[in-house]
Amino acid sequence: WPELVGAPVAVHARPGRFERGRLTVFVDSSVWLTELNRNRRQMLSAITRRFPQVQEIMLRVDASPS
């Protein structure tokens, strides 16, 4: 995950479910949700280079952070 999205993002976001081409990414705060929404296209591009089956990402604040 850190290799795909970068270490700073990986600290605050984690991959979740993958269903029908959509990867849900959970973030630890609304601040990071806003930041990652701004860079959604770049994140999707990095992920699809490695996992072409991912067609879309959905960002959500993690309701149950670990």
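Details
- Checking each residue in the stretch 16-37 for being within 19 Å of Val54 (Cβ to Cβ) and open to solvent by 60 Å² or more (accessible area, probe 1.4 Å) picks out Arg17, Phe18, Glu19, Arg20, Arg22, Asn37.
- Residue match in the stretch 51-65 (condition: touching a helix residue (DSSP H, G or I) at 6+ places or on another chain (Cβ under 9 Å), small (Gly, Ala, Ser) and either free of Cβ contacts under 8 Å to residues at least 40 places away in the same chain or not in a strand (DSSP E or B) (or both)): no
- Some residue of the stretch 21-38 being of a type outside the set (S, T, N, Q), assigned to a strand (DSSP E or B) and over 9 Å from the mean Cα position of the chain (by Cα): yes
- Filtered residues of the stretch 1-15 (kept if in a strand (DSSP E or B) and open to solvent by less than 30 Å² (accessible area, probe 1.4 Å)): Ala13
- Look at the stretch 1-13: where a residue is touching a residue at least 12 places away in the same chain (Cβ under 8 Å) and a partner is of a type in the set (Asp, Glu) and open to solvent by 60 Å² or more (accessible area, probe 1.4 Å), sitting 6+ places away or on another chain with Cβ atoms under 8 Å, you get His12/Asp28; Ala13/Asp28.
The values are calculated or read from the model by the stated rules, or taken from the named source; none is laboratory data. This is a predicted model, so every value here is computed, not measured. Because the Cβ atoms are built from the backbone with ideal geometry, glycine has one as well, and the counts that use them run over all protein chains shown. The area values use the complete protein model at the heavy-atom level, side chains included, leaving out ligands, DNA and RNA. Shrake-Rupley method; radii C 1.70, N 1.55, O 1.52, S 1.80 Å.
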